[in-house]
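None of the figures in this text is laboratory data; all of them are computed from the coordinates on show. The structure presented is a predicted model; accordingly, all values stated were derived computationally and were not measured. Glycine gets a Cβ as well: all are built from the backbone with ideal geometry, and neighbour counts include every protein chain shown.
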Amino acid sequence: MASQPKYCTVPEIEKGYPVPPSSASPPPRGWWSRPIVTLPATKDRKATCIDTTVRLSPCFGGIFTVIAVMVYLFYFLNNAHCNAKFTIQSIAVSPSSATWHVDFLVKNPSSRYTILYGVNETAVKLGPLHAAVLNTSRERKSPSHTAFSVDFVAEGNSTDVIFEQLDIKLRANHNIFGDNPEPGHIDIRCYNLTRNHENVEKVQCYSSFTALELFADSVSVSNTNVSAADWTMGLVATSPVTDCKFSLHTLKSRLLRGDQVISNSSSPSEIFGEFGSGNKPNIVFEKVVMPEVTGDVVWDYRVETWFAVNTRFTYGNGFLMATCSDISVKFTGNTTGNVTGSLLGNRRRCDYIFQEMLA
């Protein structure tokens, strides 16, 4: 009997069940490597507006991300506040040499600012007295704090001072992203200062960064009658930053001879907020009582002024409390009682403290 041929039977795959993958198939890709969208083939159908939008969305997202980063760097970082804080730790005064030694603990400023603590970068005033800086030192205590010490001798006899105000200026730089550092200084003003080191916790210190320089540029005096005269003092504010535009608005001022206030000047409340003076404000004192002047005399005066400051930088808006000392005015009077006066010599530099708000 002839043998029957043998056939190999292949199992039938039912429709609807996938063919198991072979070992040669590539593993599935992770979500991070998958395309956001796959456009259909041209022969199948044309891409819709939604398909094209989804395909271009990563490009627009990247552009907006770059813009956001640049805005953050150029605006928020460049306009960051200094935020340095100075706290007095101890005060010592040598009775023999009248040398003051003051220790500060400094909360370091933001990363966009650099403070210079050298002798040549430090200026000190003790109340109305200018001081000669003898020595400075600094020591880094932690990533966020620095110990700073200054030794100085005040002009005149400061050993009898019971209550004083301490003003310190330190050179500093504002590090502008994408540009050269902006030079300026840190103003430190400490109130309730005494020679008793046990009361240092009562001393309050305020600090701020500013890039302005203020000068008393001119004085004009003319009398309207025998006993009173009108004063006009011109101030000039400058900045080492070439593109720094700012305006000063005079809030109030007072004119002093020695410690005596001889006139006050206030800005009308209805124009508060208008910064029309630019960087050359004029201060007017009306009907200042004048002693009789015959011939030529020279007297020294002091002017204390409060300004509102407006700049294009966020950190530069605030209040300026300025003191212009040792302003020598030459008066000329005649027998009829007419008196004229003007600034003697060159313009005078004014000291000031900048604060974001009035204390």
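Side notes on the structure shown:
- Label zone of K280 (point 7 Å out along Cα→Cβ, amide N under 20 Å): in region 200-240 this covers 212-222, 231-240.
- Unsatisfied cross-links (Cα-Cα over 24 Å) in the set K169/K202; K252/K287; K125/K287; K85/K280: K125/K287; K85/K280
- For region 85-210, convex hull volume per residue from C-alpha positions, Å³: 100
- Using Cβ point charges alone (K and R +1, D and E -1), the dipole size of region 85-210 about the Cα centre works out to roughly 340 debye.
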